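Step one of this worksheet: look at the structure below.
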Amino acid sequence: MEITREQLIDCGVSPSKATIYAPIISMWSSNFAITTPMRMCHFLAQVLWESGCFRYTKELASGKAYEGRKDLGNVQKGDGVKYKGRGLVQITGRSNYTAVSKYFGMDFINHPELLETPEWAFKSAGWYWLTKGLNKLADRDELTKITKIINGGYSHKAERLMYLGKAKRAFKLLK
């Protein structure tokens, strides 16, 4: 799906980040079935919040809170810090890093920093979006359910709703 620099700016992205991300999103979004304005709007609402409008592709916290979290696959000493949130959707934990590595045939286990680059930050978010079945929820305009899957709760739902409104206006789904 084509997305313009101006649409990203209308959503709150800085001009410099919009210049970087618009071509990447346009090139790769169809690989993750983000192919309608409604799907793109919901995708953007989540990743704009999670990444601070594409400013952060690495979680600001140290990751120590994830240490020993077996639900994230963090079973080796140091996994929490090494596999803290990265990418536009903040992929977290050894299990997710392993799964995204297998999907793309890339070694994010030994090179987690690759998920911080714009292309892999987007692709990893697209992978997560696709594998969690979020397009179906976006088609039904289910912000709350999408937030629960991405966040594990409903943290910052109001901000995500605000980004959804901006995206819907940028894509002419709202006036």
### Query
Does Tyr83 qualify as being touching a helix residue (DSSP H, G or I) at 6+ places or on another chain (Cβ under 8 Å), open to solvent by less than 10 Å² (accessible area, probe 1.4 Å), modelled with pLDDT of 95 or more and within 16 Å of Ile150 (Cα to Cα)?
no
### Message
Anything in the stretch 75-88 that is touching a Gly at 6+ places or on another chain (Cβ under 8 Å) and under 20 Å from Ala125 (Cα atoms)? List them, or say none.
### Response
Gly80, Val81, Lys82, Tyr83, Lys84, Gly85
### Query
Within the stretch 143-175, can you find the residues that are part of a loop (DSSP other than H, G, I, E, B), in contact (Cβ under 8 Å) with a residue 12 or more places away in the chain and open to solvent by 50 Å² or more (accessible area, probe 1.4 Å)?
His156, Lys172, Leu173
### Selection from the stretch 9-56 of residues that are farther than 13 Å from Ala121 by Cα and among the polar types (S, T, N, Q)
Ser14, Ser16, Thr19, Ser26, Ser30, Asn31, Thr35, Thr36, Gln46
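Here is a yes/no grid of residues against (1) part of a loop (DSSP other than H, G, I, E, B); (2) open to solvent by less than 40 Å² (accessible area, probe 1.4 Å); (3) within 14 Å of Cys11 (Cβ to Cβ); (4) in contact with a Lys or Arg (Cβ under 6 Å, 6 or more places away or on another chain):
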site: Ser26; (1), (2), (3), (4): no, yes, no, no
site: Asn31; (1), (2), (3), (4): no, no, no, no
site: Leu48; (1), (2), (3), (4): no, yes, yes, no
site: Arg55; (1), (2), (3), (4): yes, no, yes, no
site: Ser62; (1), (2), (3), (4): yes, no, no, no
site: Ala65; (1), (2), (3), (4): no, no, no, no
site: Gly68; (1), (2), (3), (4): yes, no, no, no
site: Asn74; (1), (2), (3), (4): yes, yes, no, yes
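The values are calculated or read from the model by the stated rules, or taken from the named source; none is laboratory data. Since the model is a prediction, treat every value here as computed from it, not as a measurement. Positions of Cβ are generated from backbone atoms using ideal geometry, with glycine treated the same way; all protein chains shown enter the neighbour counts. All accessible areas refer to the heavy atoms of the entire protein, side chains included, with ligands and DNA or RNA removed. Shrake-Rupley method; radii C 1.70, N 1.55, O 1.52, S 1.80 Å.
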